[in-house]
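Colleague: The following block contains the structure, expressed as structure tokens.
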Number of protein chains: 2
Amino acid sequence: MSPEPVDQLRARSDAAPVEERSPQPRVSRRGLLGAAAGAGVVGIGIGAGAVELADRNAENTAAQPAPASTSYPFYGEHQAGIVTPAQDRLHFAAFDLTTESRDELIGLLQDWTAAAARMTQGQGAGPLGPTSGSYDAPPDDTGEAIGLPPSRLTLTFGFGPTLFRKDGKDRFGLADRQPDSLRRLPHFPQDNLDAAKSDGDLCIQACADDPQVAVHAIRNLARIAFGRAAVRWSQLGFGRTSSTSTAQVTPRNLFGFKDGTANLKAEEPALVDQHVWVGAGDPRGAWLAGGSYLVARRINMTIEIWDRQPLGEQETVIGRTKAEGAPLSGGTEFSPLNFTLAGSDGEPLIATDSHVAMVHPDNNGGVQMLRRGYNFVDGSTGLGRLDAGLFFIAYVCDPVTHFTPIQTKIGRADRLSEYIQHTGSALFAVPPGVKQGEYVGQALFA
Amino acid sequence: MSPEPVDQLRARSDAAPVEERSPQPRVSRRGLLGAAAGAGVVGIGIGAGAVELADRNAENTAAQPAPASTSYPFYGEHQAGIVTPAQDRLHFAAFDLTTESRDELIGLLQDWTAAAARMTQGQGAGPLGPTSGSYDAPPDDTGEAIGLPPSRLTLTFGFGPTLFRKDGKDRFGLADRQPDSLRRLPHFPQDNLDAAKSDGDLCIQACADDPQVAVHAIRNLARIAFGRAAVRWSQLGFGRTSSTSTAQVTPRNLFGFKDGTANLKAEEPALVDQHVWVGAGDPRGAWLAGGSYLVARRINMTIEIWDRQPLGEQETVIGRTKAEGAPLSGGTEFSPLNFTLAGSDGEPLIATDSHVAMVHPDNNGGVQMLRRGYNFVDGSTGLGRLDAGLFFIAYVCDPVTHFTPIQTKIGRADRLSEYIQHTGSALFAVPPGVKQGEYVGQALFA
């Protein structure tokens with residue numbers, strides 16, 4: 001018997017859980033090795049231990065997940081699922097409250113907190129589990145994740161503008177705590193939004209490497225919410241489209257291009273502090289300090305039209321090469337972009353209306369987002385086209401400065417707009433992390 | 001540096017492709033170890049080599065895929081994707097032809113064959129690839145799978161009844177080759193079918209351990225079909241719901257129960273011959289000998305209602321325990337079912353209208369199916385419920401004997417019918433395997 005598979009087996013069953021040594025999730029040495037094996041990255045240094053790995057077949061291991069036994073702490077300074085290295089699968093759900101009782105809302109958040117703390121550690125949603133307890137009562141877990149490891153599950157909770165005021169009504173006595181920046185996003189140029197895939201009082205982002213684990217989490221949280229909140233819309237995603245850690249290779253979106261090369265990374269804490277976490281400036285939003293804003297946009301891609309474009313047109317639209325992801329101004333994937341370097345025709349090599357020129361921080365006053373989106377395919381449309389695209393998620397310290405201006409600009413002028421259509425939109429305030437014994441968003445109700 | 005992760009890395013990058021040594025896909029010794037590590041099965045014997053593995057944490061490794069570098073041969077006596085150990089993810093697409101030219105149909109099948117043979121081996125859809133060839137022409141691959149390994153991709157092609165005759169019209173001169181059993185499935189009791197999720201002239205089942213690989217395959221085959229066929233409907237699935245090999249643990253469906261315990265397994269070739277492969281009896285369907293019939297049923301589960309049932313009711317409906325999957329007549333998961341053993345009340349311990357009693361071969365004249373379904377969640381309905389369930393796929397030698405009678409019976413009397421609704425339905429004839437130099441279904445056009 002060759003030794004590798006046996007070691008593989010052992011590594012899988014005894015891999016230590018990830019250690020939490022700082023406000024931001026850190027990977028343990030073993031976890032780092034696992035992530036590096038998954039990402040095929042050469043030469044990594046994070047946290048305490050710097051490890052050198054060589055893998056000549058780097059990209060070919062990109063689909064290998066970290067050990068499925070890896071879990072992230074639920075409690076901490078910030079909610080997990082933001083700077084956490086992006087997992088491979090998503091189930092995102094927006095909820096509307098069906099109660100108008102502040103106490104029931106608080107009770108729901110308490111129940112969700114308890115269940116989330118359990119499920120992220122690979123346990124059932126409730127203490128009795130799917131197959132024990134009273135034979136005559138519904139189980140407190142639905143059972144489809146029995147035996148499945150934590151799979152790096154994170155659950156991230158957010159509060160929509162309508163939680164604070166809906167149809168002019170302050171249902172929960174929260175209107176005077178609504179942060180100035182937590183307003184429904186404006187209608188952007190070329191938006192074609194479906195109300196049934198937009199907005200919501202509450203949201204939960206479930207990310208895991210196993211879709212059954214993410215689906216199980218949302219399904220149980222929806223079950224727990226019965227009588228208090230109901231799912232407004234939900235979205236599955238696969239194939240994360242952004243790295244959030246330097247230990248991850250840059251994945252590809254359904255245009256076939258690398259996506260998120262220049263994304264903010266967990267290993268840039270000063271930039272994360274500046275661009276992702278909400279400061280203490282807004283007195284109405286003091287409860288949100290240390291939290292973030294989650295912008296969700298369902299972006300359909302006109303796949304069939306894109307696929308008929310020559311490679312040259314595709315690369316001009318994006319501003320990077322398809323193979324390498326290198327800027328059209330030259331170099332390799334992570335080379336700086338040169339927006340002024342001109343070709344023989346005197347025009348910039350990176351077109352000024354290319355996607356990368358439109359969204360790059362250098363052309364947006366230095367503003368950066370932490371993107372955390374996922375590819376999606378939701379079957380097909382009645383026209384025989386794939387209902388597919390990118391479920392865009394970005395975490396920013398303030399959508400008014402960090403999202404609205406850029407989206408307004410690219411909706412008007414980005415060449416990529418010809419190939420996409422925004423069909424869903426939502427904004428949520430994501431409270432800071434939860435302390436042991438407290439519940440998510442507790443400061444809002446203090 | 002601990003040795004395990006490095007060995008893991010090596011095992012991932014150099015695992016040998018699976019060997020084809022017989023009409024049915026066989027796993028190599030290394031492949032077997034990989035599959036066993038994934039499935040956590042104790043004591044396995046397949047083909048030439050019998051290997052003993054012990055893993056006390058068996059179920060906890062269930063989500064670990066086989067090495068991503070594993071590929072299956074495209075050419076062979078039978079199409080791959082039938083007795084192939086079920087992969088973790090599905091993208092299924094049904095197509096309608098937009099041409100009425102027999103030559104164009106043949107050309108499409110030739111083009112699909114060439115692309116499928118490439119993609120299942122981890123190559124691009126076309127010889128030039130996503131990033132080379134003429135700069136002014138559309139790439140012959142869309143690029144989102146660049147760097148992703150084969151991920152056990154299989155592509156299985158099928159022909160619907162309408163390929164032979166549609167609205168009374170014989171578009172392709174095939175009407176006299178339509179097998180007697182290839183007729184639209186009847187309307188079953190309690191069917192609530194959506195025409196937009198049913199039927200189709202052609203189908204492709206793409207299964208892989210990485211959803212991006214399955215989606216990439218369908219997307220490129222749809223691209224190649226442009227002008228000749230268009231997607232009629234498509235369905236993504238995750239979390240296979242049936243084992244098709246004894247080397248796999250029994251997965252769980254979204255009712256939280258193990259599904260497919262008594263499924264036909266690849267390691268039972270005599271039963272597979274008897275129940276899955278089409279024989280040579282039907283002169284009109286001689287081209288189908290060695291093929292199979294694919295029954296697809298989109299089965300919505302009323303998740304929220306199920307979740308409010310006591311454990312006792314859930315187990316009575318299924319006829320097995322939730323934890324272990326053991327028959328209610330006693331024993332463990334793989335114990336024989338005793339449909340006559342009565343409890344103290346004189347009633348059978350396994351209710352006669354329980355799902356397992358309804359579908360068990362002992363109660364259906366010995367008829368068996370090779371099930372190969374997947375869990376799905378397609379967002380939520382307008383009522384705030386998950387649009388979720390089981391995308392049922394079964395391969396049978398004849399739907400008239402092996403599907404219609406059972407479905408008629410369970411639609412009428414199965415207690416499980418209270419919690420499910422069939423929303424899509426399709427039947428396809430799946431031609432036998434393809435020889436090098438030929439194209440899928442070639443005998444039909446001979």
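The values are calculated or read from the model by the stated rules, or taken from the named source; none is laboratory data. Remember, predicted model here, so these are calculated numbers, not experimental data. For neighbour counting, all protein chains shown are included, and Cβ atoms are generated from backbone atoms with ideal geometry for every residue, glycine included.
Colleague: Return a yes/no flag: does region A:279-295 have any residue that is outside any strand (DSSP E or B), more than 14 Å from chain B (Cβ to nearest Cβ) and among the acidic types (D, E).
Modeller: Checked region A:279-295: at least one residue is outside any strand (DSSP E or B), more than 14 Å from chain B (Cβ to nearest Cβ) and among the acidic types (D, E).
Colleague: A follow-up question, please. Of the numbered conditions (1) modelled with pLDDT under 95; (2) in a strand (DSSP E or B), B:E324 satisfies every one except a single condition; which is it?
Modeller: (2)
Colleague: For A:N363, are the conditions met, namely being away from chain B (no Cβ under 14 Å), closer than 28 Å to A:A429 by Cβ and not charged (D, E, K, R)?
Modeller: Yes, satisfied.
Colleague: Here is a further query. Please pick out the residue among B:F238, B:F172 that is part of a loop (DSSP other than H, G, I, E, B) and of a type in the set (A, V, I, L, M, F, W, C).
Modeller: B:F172
Colleague: Also: Out of the residues in region B:408-446 meeting the condition of being among the polar types (S, T, N, Q) and under 30 Å from B:Q110 (Cα atoms), tell me which one is surrounded by the fewest Cβ atoms within 10 Å (Cβ to Cβ).
Modeller: Checked region B:408-446; the qualifying residue surrounded by the fewest Cβ atoms within 10 Å (Cβ to Cβ) is B:Q436.
Colleague: Shifting gears a bit: Conditions first: (1) within 18 Å of B:D111 (Cβ to Cβ); (2) within 12 Å of another protein chain (Cβ to nearest Cβ). B:S234 passes all but one, so which condition is the exception?
Modeller: (1)
Colleague: Yes or no: B:A137 aliphatic (A, V, I, L, M) and facing another protein chain (nearest Cβ under 10 Å)?
Modeller: Yes, satisfied.
Colleague: Taking the residues in region B:111-134 that are more than 11 Å from chain A (Cβ to nearest Cβ) and polar (S, T, N, Q) as candidates, determine which candidate is farthest from B:G441 (Cα to Cα).
Modeller: B:Q123
Colleague: Now for a different question. Picking from B:A214, B:A229, which residue would you name as being touching a residue at least 24 places away in the same chain (Cβ under 8 Å) and touching a His at 6+ places or on another chain (Cβ under 9 Å)?
Modeller: None of the other options fit; the residue is B:A214.
Colleague: Among the residues of region B:216-224, is there at least one that is in contact with a Leu (Cβ under 9 Å, 6 or more places away or on another chain), assigned to a loop (DSSP other than H, G, I, E, B) and not hydrophobic (A, V, I, L, M, F, W, C)?
Modeller: no
Colleague: Could you list all residues from region A:241-277 that are outside any loop (DSSP other than H, G, I, E, B), in contact with a strand residue (DSSP E or B) (Cβ under 6 Å, 6 or more places away or on another chain) and touching a residue at least 60 places away in the same chain (Cβ under 8 Å)?
Modeller: Scanning region A:241-277 gives a single hit, A:K258.
Colleague: I've got another one for you. Among the numbered conditions (1) away from chain B (no Cβ under 14 Å); (2) closer than 22 Å to B:G147 by Cα; (3) more than 24 Å from the chain's Cα centre (by Cα), tell me where A:Q314 comes up short.
Modeller: Here A:Q314 meets the rest and fails (1).
Colleague: In region B:158-191, what residues are touching a Gly at 6+ places or on another chain (Cβ under 7 Å) and surrounded by 18 or more Cβ atoms within 10 Å (Cβ to Cβ)?
Modeller: If the condition is that a residue be touching a Gly at 6+ places or on another chain (Cβ under 7 Å) and surrounded by 18 or more Cβ atoms within 10 Å (Cβ to Cβ), then B:F159, B:G160, B:P179, B:F188 are the ones that fit.
Colleague: If you don't mind, there's one more thing I want to ask. What is the residue count in region B:235-249 for residues that are surrounded by 22 or more Cβ atoms within 10 Å (Cβ to Cβ) and more than 14 Å from the chain's Cα centre (by Cα)?
Modeller: 2
Colleague: Being of a type in the set (G, A, S), touching a strand residue (DSSP E or B) at 6+ places or on another chain (Cβ under 9 Å) and free of Cβ contacts under 8 Å to residues at least 60 places away in the same chain: is that true of A:A280 here?
Modeller: No; evaluated as a whole, the condition is false for this residue.
Colleague: Given the conditions (1) farther than 30 Å from A:K409 by Cβ; (2) crowded, with 24+ Cβ neighbours inside 10 Å, which single one is not true for A:R252?
Modeller: Answer for A:R252: the failing condition is (1).
Colleague: Follow-up. Considering each of B:R308, B:R298 in turn, give the residue that is among the basic types (K, R) and either assigned to a helix (DSSP H, G or I) or touching a Phe, Trp or Tyr at 6+ places or on another chain (Cβ under 6 Å) (or both).
Modeller: Exactly one residue qualifies, and that residue is B:R298.
Colleague: What about B:F95, is it in contact with a helix residue (DSSP H, G or I) (Cβ under 8 Å, 6 or more places away or on another chain) and within 14 Å of another protein chain (Cβ to nearest Cβ)?
Modeller: For B:F95, the condition - in contact with a helix residue (DSSP H, G or I) (Cβ under 8 Å, 6 or more places away or on another chain) and within 14 Å of another protein chain (Cβ to nearest Cβ) - is met.
Colleague: Filter region A:121-157 down to the residues that are aliphatic (A, V, I, L, M) and at pLDDT below 90, then identify the one that is surrounded by the fewest Cβ atoms within 10 Å (Cβ to Cβ).
Modeller: A:A137
Colleague: Please specify each residue of region A:205-215 satisfying the condition of being touching a Ser or Thr at 6+ places or on another chain (Cβ under 7 Å) and either at the interface with chain B (Cβ under 9 Å from one of its Cβ atoms) or of a type in the set (V, I, T) (or both).
Modeller: Matches in region A:205-215: A:D209, A:D210, A:V213.
Colleague: May I ask you to list the residues in region A:372-389 that are touching a Phe, Trp or Tyr at 6+ places or on another chain (Cβ under 7 Å) and in a strand (DSSP E or B)?
Modeller: Within region A:372-389, A:Y374, A:N375, A:F376, A:G379, A:S380, A:A388, A:G389 meet the criteria.
Colleague: Provide a single number: the residues in region B:372-407 that are buried (at least 24 other Cβ atoms within 10 Å of the Cβ), within 14 Å of B:F238 (Cβ to Cβ) and small (G, A, S).
Modeller: Of the residues in region B:372-407, 2 are buried (at least 24 other Cβ atoms within 10 Å of the Cβ), within 14 Å of B:F238 (Cβ to Cβ) and small (G, A, S).
Colleague: Which of (1) in contact with a Ser or Thr (Cβ under 9 Å, 6 or more places away or on another chain); (2) aliphatic (A, V, I, L, M); (3) farther than 29 Å from B:N375 by Cα is the odd one out, the single condition B:A86 does not satisfy?
Modeller: (3)
Colleague: Here's another thing I want to ask about it. With the structure loaded, tell me whether A:G346 is away from chain B (no Cβ under 14 Å), surrounded by fewer than 17 Cβ atoms within 10 Å (Cβ to Cβ), more than 30 Å from A:D88 (Cα to Cα) and under 25 Å from the mean Cα position of the chain (by Cα) or whether it fails that test.
Modeller: Taking the combined requirement at face value, the residue does not satisfy it.
Colleague: Of the residues that sit in region B:140-179 and are in contact with a helix residue (DSSP H, G or I) (Cβ under 9 Å, 6 or more places away or on another chain), closer than 21 Å to B:Y439 by Cα and of a type in the set (A, V, I, L, M, F, W, C), which one is nearest to the other protein chains (Cβ to nearest Cβ)?
Modeller: If we take residues in region B:140-179 being in contact with a helix residue (DSSP H, G or I) (Cβ under 9 Å, 6 or more places away or on another chain), closer than 21 Å to B:Y439 by Cα and of a type in the set (A, V, I, L, M, F, W, C), then B:L153 is nearest to the other protein chains (Cβ to nearest Cβ).
Colleague: Could you say which residue among B:I410, B:I406, B:I420 is under 19 Å from B:N253 (Cβ atoms) and out of contact with any Ser or Thr (no Cβ under 8 Å at 6 or more places or on another chain)?
Modeller: Of B:I410, B:I406, B:I420, the one residue that is under 19 Å from B:N253 (Cβ atoms) and out of contact with any Ser or Thr (no Cβ under 8 Å at 6 or more places or on another chain) is B:I406.
Colleague: I'd like to verify a number: residues in region B:366-403 that are over 30 Å from B:A214 (Cα atoms) and either modelled with pLDDT of 95 or more or within 22 Å of the chain's Cα centre (by Cα) (or both), how many?
Modeller: 4
Colleague: Condition first: modelled with pLDDT under 95, more than 24 Å from B:V278 (Cα to Cα), touching an Asp or Glu at 6+ places or on another chain (Cβ under 9 Å) and assigned to a strand (DSSP E or B). Can you find one or more residues in region B:56-67 that meet it?
Modeller: No, region B:56-67 contains no residue that is modelled with pLDDT under 95, more than 24 Å from B:V278 (Cα to Cα), touching an Asp or Glu at 6+ places or on another chain (Cβ under 9 Å) and assigned to a strand (DSSP E or B).
Colleague: For region A:107-122, indicate whether the set of residues that are in contact with an Asp or Glu (Cβ under 8 Å, 6 or more places away or on another chain) and touching a residue at least 24 places away in the same chain (Cβ under 8 Å) is non-empty.
Modeller: Yes, there is a match, as at least one residue in region A:107-122 is in contact with an Asp or Glu (Cβ under 8 Å, 6 or more places away or on another chain) and touching a residue at least 24 places away in the same chain (Cβ under 8 Å).
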